[in-house]
Amino acid sequence: MSAATRMRRLDPDASIIVIERSGFVSYANCGLPYYVGGVIADRESLLLQTPESLDARFALDVRIGSNVLLVDRDSREVEVQGPTGEVYRLPFDFLILSPGAQPVVPPIPGIENAYTLRTVEDVSRIALAVANKPDRAVVIGGGFIGLESAENLIHRGIPTSIVEAQEQLIAPLDYELAVLVHEEVRKHGVDLHLGTGVVQINPDQVTLSDGTVIESTLVICAIGVRPDISLAQSAGLTIGSRGGIVINEFGQTSDPAIYAVGDVAEKIDAFDGESTLVPLANIANRQGRVAADHIMGRPVREVTTIGTAIVKVFDLTVAVTGWNEKRLVAQGVPFQAIHTHPGSHAGYYPGAEEMALKLLVHKPEGQILGAQAVGRSGVDKRIDVIATAMKSGLLAPELADLELAYAPPFGSAKDPVNMLGYIAENLLSGLTKNVQWYEVDALAAAGAVILDVRNVEEFADGAIPGSINVPLDDLRTRMSEIPDGPVMVYCKVGQRGHTATVLLRENGFEAVNLDGGFTTWSAVASSKGLVTAAKG
């Protein structure tokens, strides 16, 4: 609809026909899970336009309940089956394919007993099932839609389990941030089954690959989506390596008269220029506008993606942009990871909430490769600032230069984004060195001194096993107590650890700082049941 309405604004006389298979057009599918939970009470509020309103405002001929059977490229026609079964042909000068994506439905015995959540019709069926008050629900898949579905089922008072084949929820997150999401969903009563899959669905129970049987009368399949390329394949259009339609910078397919936009089309990754699939609303809308402009002879800019996304998980906000650490490692890209745990605004102003931020920086050039954020407040604006900086080509140290709005209720004089820039500058310049949470065990095994520079009370509440405690303010006078050899320093979040690391290095120690401090390390340790109590 973005393409159709844009074309109408550019040409008042063009014949523009929209063919839609379902009974609804221009609806807010991102809001569908919230209708299940009753957060959005009126289904009609999700229906942004109707065929009648689109005709009245834009003179668009919108035909719902109609299915395109084939695309005849030679005659430049599409064959359509209408809502009453009649079949007819429509000629075209230009054709835009936007069939979207189809839910992934694995060949599990009994999968016909599960619901998918993709269309208004889907959500209507689920809402009816929820109204029948099922005793328990199972959501298959721990991605964005799966989590939104589970949250809204909990809102309806339905005990809910999530089954996820991977060892974590929300695949774009790295593990140390994903564990924060695991804690949140469990706190709200969701039963998590990670690292296992569904092997059988019966009308009243679900069997998992690890032998667990969950009593359930409502199953939602939210494993993911794949591009609906059936029309493109039958028309002989080029399909890419990722399973979507290949398009150029103008949205054209291998047939210049045929365009493809939205979830069906492969996108270009802004970092490596390779094809990718990013089923997100903003880039789909952007592609629709670009295709319309090109058809109408206007200049266009190429659409690339960094994959910025956000999701509400109960009281948490989870946001990502760019590449994660797993992908960087897999691709062999040299990087520097930075973890911080800042407040959402000035700590002395009431209501500040701690968040977890992770920045991934190319080493040594400083290009921002990705970022992740989890928290209760202020996450959205930080990830948006970083995403904007990435698209603008700013280097990580230049985040320190951003002049961001500040007043105590909204931020800090050194905003969390600015602080990421300062830390990146220190690390890339060689002023200090850090290590990651997953390197601690190897350092300890190699004989490194594990030095906790928090105060005595913090140390007593919990510490990395084998640590010695010398508070930062005592370090200058007690440096002789630190054994010779490599030293790994840590504090709560890394700030005091940085100061201590610089001081130790100035005094001849081979010192490194634990990135993200005890907060990052303990989040993972707690999830694995590791002992974090201090000695003695």
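The values are calculated or read from the model by the stated rules, or taken from the named source; none is laboratory data. A quick note: this is a predicted structure, and the numbers were derived from the prediction, not measured. Virtual Cβ from ideal backbone geometry, glycine too; neighbours counted across all protein chains shown.
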Only listed residue being buried (at least 20 other Cβ atoms within 10 Å of the Cβ), in the same structural domain as T388 (by TED's automatic domain parsing) and among the charged types (D, E, K, R), chosen from K326, K358, K363: K358
Residues that are in a strand (DSSP E or B), without any contact (Cβ under 8 Å) to a residue 40 or more places away in the chain and surrounded by 20 or more Cβ atoms within 10 Å (Cβ to Cβ), drawn from the range 461-510: V487, V489
Selection from the range 168-191 of residues that are touching a residue at least 40 places away in the same chain (Cβ under 8 Å), assigned to a loop (DSSP other than H, G, I, E, B) and more than 20 Å from V329 (Cα to Cα): H188, V190
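Could you go through the range 225-237 and let me know if any residue there is closer than 30 Å to K133 by Cβ and surrounded by fewer than 21 Cβ atoms within 10 Å (Cβ to Cβ). Lay out the reasoning, then the answer.
At the first step, the residues of the range 225-237 found to be closer than 30 Å to K133 by Cβ are 225.
In the following step, the residues that additionally are surrounded by fewer than 21 Cβ atoms within 10 Å (Cβ to Cβ) were identified as 225.
Checked against the condition, which is being closer than 30 Å to K133 by Cβ and surrounded by fewer than 21 Cβ atoms within 10 Å (Cβ to Cβ), the range 225-237 yields at least one hit.
Answer yes or no: is there a residue in the range 26-49 that is over 33 Å from the mean Cα position of the chain (by Cα) and among the small types (G, A, S). Show your work before the answer.
Here is the first cut: in the range 26-49, the residues over 33 Å from the mean Cα position of the chain (by Cα) are none.
No, there is no match, as no residue in the range 26-49 is over 33 Å from the mean Cα position of the chain (by Cα) and among the small types (G, A, S).
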Hits in the range 431-460 (condition: surrounded by fewer than 21 Cβ atoms within 10 Å (Cβ to Cβ), part of a loop (DSSP other than H, G, I, E, B) and touching a residue at least 24 places away in the same chain (Cβ under 8 Å)): L431, T432, K433, Q436, A446, G447
Candidate set: the range 278-299, residues that are closer than 25 Å to V320 by Cα and in contact with a strand residue (DSSP E or B) (Cβ under 7 Å, 6 or more places away or on another chain); chosen: the one surrounded by the most Cβ atoms within 10 Å (Cβ to Cβ): Q287
Yes/no for T217 being assigned by TED's automatic domain parsing to the domain that holds V123 and modelled with pLDDT under 95: yes
Set V130, V139: member being touching a residue at least 40 places away in the same chain (Cβ under 8 Å), in contact with a strand residue (DSSP E or B) (Cβ under 6 Å, 6 or more places away or on another chain) and either among the basic types (K, R) or closer than 20 Å to Y35 by Cβ (or both): V139
Which numbered condition N152 misses (of (1) of a type outside the set (V, I, T); (2) surrounded by fewer than 18 Cβ atoms within 10 Å (Cβ to Cβ); (3) under 21 Å from the mean Cα position of the chain (by Cα)): (2)
Failed criterion for P106 (all others in (1) part of a strand (DSSP E or B); (2) farther than 30 Å from D293 by Cβ; (3) not assigned by TED's automatic domain parsing to the domain that holds S216 hold): (1)
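Out of the residues in the range 93-112 that are of a type in the set (A, V, I, L, M, F, W, C) and within 27 Å of the chain's Cα centre (by Cα), state the one that is nearest to R76 (Cα to Cα).
Narrowing the range 93-112 to residues of a type in the set (A, V, I, L, M, F, W, C): 94-97, 101, 104-105, 108, 111.
Imposing the further condition that a residue be within 27 Å of the chain's Cα centre (by Cα) reduces the set to 97, 101, 104-105, 108, 111.
Numbers: L97: 14, A101: 24, V104: 32, V105: 33, I108: 40, I111: 39 Å.
Checking each candidate, the answer is L97.
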Of all residues making up the range 272-293, the number that are of a type outside the set (A, V, I, L, M), in contact with a helix residue (DSSP H, G or I) (Cβ under 9 Å, 6 or more places away or on another chain) and outside any helix (DSSP H, G or I): 2
